[in-house]
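Heads up, the thing below is written out as structure tokens.
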Amino acid sequence: MEKKIPLNMDGRDVEAVAGQTILEVAREQGIYIPTLCHYSKTTNVGACRVCVVEVEKARSLVASCCMPVSPGMVIKTDTAKVRASQRLIVELLWASGDHNCLTCEQNGACELQNLVYWLGIEKPRFNVAPPGYETEKTNTMIQRDLNKCILCGRCIRACNEIQVNEVLDFSGRGSRAKVGPAFGADYIDSDCYFCGECVDACPVGALTFKQARFAGRPWELKKIRTTCPYCGVGCQMDLNVYNDRIVKVTGNRAYEQPNGGSLCVKGRFGLDFVGHPDRLKTPLIRKEKGGELAAATWEEAYGFIADKLSGIKKNNGPESIAGFSSARSTNEENYLFQKFMRAGIGTNHIDHCARL
Amino acid sequence: MTNSIEEIEFTDVILAMGTNTTENHPVLSSRIKRAVRQRGAKLIVIDPREIDLVKYATLWLRQKPGTDVAVLNGMMNIIITEGIYAKEYVENRTEGFEALKKTVAAYTPKHVEKISGVPAEDLKAAARLYAKANKASILYAMGMTQHITGTDNVKSCANISMLCGKIGIEGGGVNPLRGQNNVQGACDMGALPTVFPAYQPVANDETRAKFEKAWGAALPAKPGKTIVEIMDGAHKGEIKALYIMGENPMISDPDLTHVEASLKHLDLLIVQDIFLTETARLADVVLPSACFAEKDGTFTNTERRVQRVRKAVPAPGQAKADWEIIAGISAKMGYPMNYASAAEIMAEINAVAPSYAGITYERLEKEGIQWPCPNTGHPGTRFLHKDRFSRGRGLFHAIEYIPPAEQTDDEYPIILSTGRVLYHYHTGTMTRLSQGSMERCPESLVEINPRDAEKLGIEDGQTVKVTSRRGTLQAKAKITTRSDRGTIFMNFHFHEAAVNFLTNPALDPIGKIPEYKVCAVRVEAA
Ligand code: SF4
Ligand code: SF4
Ligand code: SF4
Ligand code: FES
């Protein structure tokens, strides 16, 4: 049995489990504590301190994401002191960067913007002084604008602790602190695998999917869960669709198995083929050997195939007809394909590229 | 896979053999890397190439391509000699141990070193690490199967796993990683010459009677031909018509010259695809399909998990889902198939495929389910062979090492292995249209060891000519220690440098898989 820890949170008597943090208990209880640097499944570093709470008898405010519960704790999440502290942090973050939401891709899905709103901050108390970095545009997959970076380190932990690709880290200190690949390299010149885990992890608009820029606002996108069409891992992913077009692909950490929200470059950035102009749009028939393929209707194509196949079956027997099914088609389609070959044609010459 | 992807993260020792996981199954490789970096698991990599996983490995055995059976026999030799195998497990749950013991006795570490180039001490360390682990999982992929001894390689993995009692337990098992998204499902659904859905043999009278009843048609009893045999049949004129759905053998198959001649020899070639592929260009009829994002259905991943595919966008032009097209042709042929949706087809699958019986769309809405799942109340199966093997006792196969079909000689002194790279997939039809992938990897490269390059006077980025006994091609050289001396690596994603003009179509006699990992070539400056 796990050891139960009695405590009190916002006046409620609560039973927690040993080892839980204050934040985890609050979430279980449906009590909202804001966070920025906390990112589940990675180490809690306590960098932003926006998650502070008051704990009776503690000397100062406590970062709830890092603090394990102990018996008899009396916790308050919404005192004036807590709010004042959170306000100060958020105002400083606001002032430290170029948080111009008008053109930011993250507008409407930004955790900093949400906090400003939640705390009801009318305008920034401090002078806004962004560091003046160049926006990195040297690849077509990930855009990096460090002027919006709040140095929460989530991208670093996503890269190192979730994907374990070990590409990102902090460099420099104080106001010159920066996140990115080693030696200040651009993504494209680094060992980056372009899995995009860091982009999904970024709470603000510092890391965004480049092809999604100006292609639809977060609230306009329809998210449709599906399975990646590439390798056998079968990652679960959300296709973000706007105007019948896939704008970007995002991981969803709520989908536990098999990938827990992680993707790789193929699932993430490999879907340009879907809406590609070269896609086949009509059936094509080559009426005579040596002739050209010409557009046809479905009726014509079905008729042509049925005639030819029936003729071959009649003259040479069903054994002279074979089919390759596909490791890329669905189960239902593979099922139907072999049913058609076996029951419709009468042959067992069915295979697919499993071996290649 | 006998076990689940999730379990890899919580095992003690991972033996990765012939799997370049970080490039071919990237998200699964994160589980391996997390196990190593965060949970103290030990990783043994057995691979001729210095793949990225080596960076995370406790031990890396660099064997000569095609010597896997010798390496595994050598490990079993050590494990038996040192008495560190699972005696009770072998006693109670397996048979054939004595024969195995006799065979592997000849594979002493010294002897194996001579065959494989793996130092005897490393082999011992690997054997001990694997055998003594509490839980140990074997992962493998095409690096094991694409050999004439592919079936032997796979059986050898099963041997060592049973010998050490590492199968049928959580975090253990023998786990093939499937290269393509729905290879597992295509096999499960009976897209194979010998079996109906759920691996029910076509040659079995009772089974056939069951399907004849379900499908309302007489069914052929004789098992059919495999891909390579079908190609040969077309070449010889025995196969007159071929219906290809979503495959591109004009890039993926061994010996492309032969494939092209075979396809051209057909009276009727029907190709159903999303693009006008190299294969489709040869067709008499081309049928436009909807892609995965334009239809409903399910895929089954490498851990046997059946998961939903959902329609997100409309198909272009007149393109239709593959299942609608098949039904359309079938109806015209006088065998009507009436389904209003993919879900209705799944309902039929539930009825005829026992391992899929409980996998309904309704249940799949929230999460995927791993087969076997015999009824709708069953939660699915995370790992197989828990208390017993499907045949009762696990059978050891005593296997001798057989060298690759093609050997190097003075004229063709270098071994070519082919495979995939992170940024592309299979025949490139899909990834080559992705801006990002092309930015990272715009062409096929010949990965060659620095010392070989120096000897041949080849510089990084220089165009080289690669010639085998079957063909020749040109591509740029990439000088890297990832390739061992005397070996080169190329991917097969680019039709401009289609490696399958070079590869050896020699097949594994049982698995019928071509030996893509070993072919003798000559490399020279172009
Ligand atoms: S894209 Fe992936 S590998 Fe590259 S920096 Fe981000 S998390 Fe790391
Ligand atoms: S780039 Fe984003 S995730 Fe990374 S430190 Fe900056 S704000 Fe945090
Ligand atoms: S996202 Fe990558 S790892 Fe996941 S299924 Fe797709 S190709 Fe495989
Ligand atoms: S969320 Fe707790 S310190 Fe940042």
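Matching residues to (1) touching a Phe, Trp or Tyr at 6+ places or on another chain (Cβ under 7 Å); (2) within 13 Å of ligand 1 (Cβ to nearest atom):
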position	(1), (2)
A:ARG176	no, no
A:PRO181	yes, yes
A:GLY184	no, no
A:TYR187	no, yes
Worksheet item: Listed residues B:ASN153, B:ASN182; which is closer than 30 Å to A:PHE337 by Cα, within 15 Å of the chain's Cα centre (by Cα) and crowded, with 20+ Cβ neighbours inside 10 Å?
Response: B:ASN182
Practice prompt. Assess whether A:ARG125 counts as being under 26 Å from A:SER175 (Cα atoms) and among the charged types (D, E, K, R).
Written response: yes
Worksheet entry | Residue, farthest from B:GLN38 (Cα to Cα), within region A:137-155, restricted to residues that are within 13 Å of ligand 2 (Cβ to nearest atom) and within 14 Å of chain B (Cβ to nearest Cβ) | A:GLN143
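Quick test for you: out of B:ASP284, B:ASP267, pick the one residue that is within 8 Å of another protein chain (Cβ to nearest Cβ), out of contact with any helix residue (DSSP H, G or I) (no Cβ under 7 Å at 6 or more places or on another chain) and closer than 25 Å to A:GLY346 by Cβ.
Going through B:ASP284, B:ASP267 in turn, the sole match is B:ASP284.
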Worksheet item: Which one of A:ASN44, A:ASN107 is in contact with a strand residue (DSSP E or B) (Cβ under 9 Å, 6 or more places away or on another chain) and either surrounded by 15 or more Cβ atoms within 10 Å (Cβ to Cβ) or among the hydroxyl-bearing types (Ser, Thr, Tyr) (or both)?
Response: A:ASN44
Discussion item. For the condition touching a Leu at 6+ places or on another chain (Cβ under 6 Å), farther than 21 Å from B:ALA57 by Cα and assigned to a loop (DSSP other than H, G, I, E, B), what is the one hit in B:TYR85, B:TYR107?
Written reply: B:TYR85
Response to the item:
Reported set for region A:219-263 where residues are closer than 30 Å to B:GLU7 by Cα, among the hydroxyl-bearing types (Ser, Thr, Tyr), touching a residue at least 12 places away in the same chain (Cβ under 8 Å) and away from ligand 1 (no atom under 16 Å from the Cβ) is A:THR226, A:TYR230, A:TYR255
Worksheet item: What is the residue count in region A:120-156 for residues that are within 13 Å of ligand 1 (Cβ to nearest atom) and either without any contact (Cβ under 8 Å) to a residue 24 or more places away in the chain or of a type outside the set (S, T, N, Q) (or both)?
Response: 8
Practice prompt. State all residues of region B:192-211 that are more than 8 Å from chain A (Cβ to nearest Cβ), part of a helix (DSSP H, G or I) and open to solvent by less than 60 Å² (accessible area, probe 1.4 Å); if no residue qualifies, say none.
Written response: B:ALA198, B:THR207, B:ARG208, B:ALA209
Practice prompt. Give me a count of the residues in region B:180-191 that are over 19 Å from B:GLU206 (Cα atoms), in a loop (DSSP other than H, G, I, E, B) and out of contact with any His (no Cβ under 8 Å at 6 or more places or on another chain).
Written response: 2
Worksheet entry | Extreme residue, nearest to ligand 3 (Cβ to nearest atom), among residues of region A:163-188 that are part of a loop (DSSP other than H, G, I, E, B) and open to solvent by 40 Å² or more (accessible area, probe 1.4 Å) | A:GLU166
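So, B:GLY237, is that one open to solvent by 60 Å² or more (accessible area, probe 1.4 Å) and more than 7 Å from chain A (Cβ to nearest Cβ) or not?
The answer is no for B:GLY237.
Restricting to region A:216-240, and then to whatever is within 22 Å of B:TYR425 (Cβ to Cβ) and away from ligand 3 (no atom under 14 Å from the Cβ), can you tell me which residue is surrounded by the most Cβ atoms within 10 Å (Cβ to Cβ)?
The selected residue is A:ASN240.
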Worksheet, complete the sentence: A:ALA306 passes all but one of the listed conditions (1) surrounded by 22 or more Cβ atoms within 10 Å (Cβ to Cβ); (2) farther than 30 Å from A:CYS195 by Cβ; the exception is number (1)
Worksheet entry | Selection status of B:THR300, crowded, with 24+ Cβ neighbours inside 10 Å and facing chain A (nearest Cβ under 7 Å) | yes
Discussion item. Can you find a residue that is among the aromatic types (Phe, Trp, Tyr) and open to solvent by 20 Å² or more (accessible area, probe 1.4 Å) anywhere in region B:425-436?
Written reply: no
Worksheet item: In region A:245-268, which residues are within 10 Å of ligand 3 (Cβ to nearest atom) and facing chain B (nearest Cβ under 7 Å)?
Response: A:PRO258, A:ASN259, A:SER262, A:LEU263, A:CYS264, A:VAL265, A:LYS266
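The values are calculated or read from the model by the stated rules, or taken from the named source; none is laboratory data. From a predicted model like this one, the values you see are computed outputs, not experimental measurements. Here Cβ is always computed from backbone atoms with ideal geometry, including for glycine, and neighbour counts include all displayed protein chains. Just so you know, the surface numbers come from the protein's heavy atoms only, side chains and all, with ligands and any DNA or RNA stripped out. Shrake-Rupley method; radii C 1.70, N 1.55, O 1.52, S 1.80 Å.
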